[in-house]
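Only the coordinates and a few stated rules stand behind these numbers; no lab work does. The structure displayed is predicted, hence computed values, not measured ones. Neighbour counts run over all protein chains shown; Cβ positions are idealised from the backbone, glycine included.
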Amino acid sequence: MFEVLTGTGLAASAGLNAYIPLLTMGLLARYTDAIELPSSSTWLANGWTLSILAVLLAIEVVADKVPVVDHVNDLVQTFVRPTAGGLAFGAGSASETVTVADPGAFFTSNQWVPIVAGGVIALAVHGVKAASRPVVNTATAGFGAPVASTAEDISSVVMSVLAIVLPVLVLVGLGVFVWAAVWVVRRRKRRKRERLGSVETRHLFG
C-alpha cells in the first residue's frame with residue numbers, strides 16, 4: 001500500500017500548493033534516482049515543464065502572502081489544486097520510488113481511480129486551507145497571512161518529499177491535517193457565536 005500513501009501525500013501537498021508536488025516529482029525524477037515516473041507522466045521531468053511550474057510556483061508564493069489577494073488566489077486555486085492533486089496522485093501512485101517495489105499494481109485495472117481520489121484529497125485540504133485563512137487574517141489584522149502561507153509552503157515541500165522517500169510518514173501529516181480541520185471548524189463556530197452575541201447585544205441596548 002506504499003503507492004497509495006505516496007499518492008495520498010502528494011495529493012494532500014497539492015491541496016496546500018498546486019505546483020510544489022509536481023515540481024518535486026519532476027526534479028527528483030530528472031536529477032535523482034529517488035523516483036521513476038510512469039511513461040504517461042514523464043512530461044513532468046521535461047525542462048520546459050519544470051520551468052513553467054517554477055514560474056507558476058513563484059506567482060503562487062507571492063500572491064498567497066498578501067491579504068485579500070490570498071483570498072482571490074484561493075478562489076482561483078479551487079479548480080487548480082484538485083487538478084494538480086489528481087495528476088500528482090496518478091503519477092505518484094503509479095511510479096517506482098525508492099520504497100515502492102511493485103509500481104502501479106493497485107490501480108492497473110482502474111486508472112481513473114487515482115485521478116479522482118487525488119482530486120478529492122487535494123480539494124479537502126484546499127478547503128481547510130481556504131477556510132482557515134480568513135480566521136488567521138482577522139485574528140492578526142492580516143499580518144499572519146505571510147507566516148501562515150510560508151508554513152503551508154514548507155509543509156507542502158516536506159509532505160511531497162516524505163511521500164516519495166518515506167511514505168509511511170504521510171500518516172503523520174494526515175493526522176496533522178485532521179487536527180487542523182477540527183481547529184478551523186471550532187474557530188469558525190466560535191466567531192459565528194461571537195458575531196451573533198454582538199448583534200444581540202446591539203439590539204438589546206440599541
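Some notes on this structure:
- Shape class of segment 1-63 from the Cα gyration tensor (axes a ≥ b ≥ c, square roots of the eigenvalues): oblate, since a/c reaches 1.5 or more and a/b does not exceed b/c.
- Computed from the C-beta positions of ALA54 and ARG190 and an R0 of 41 Å, the FRET efficiency is 0.55 to the nearest 0.05.
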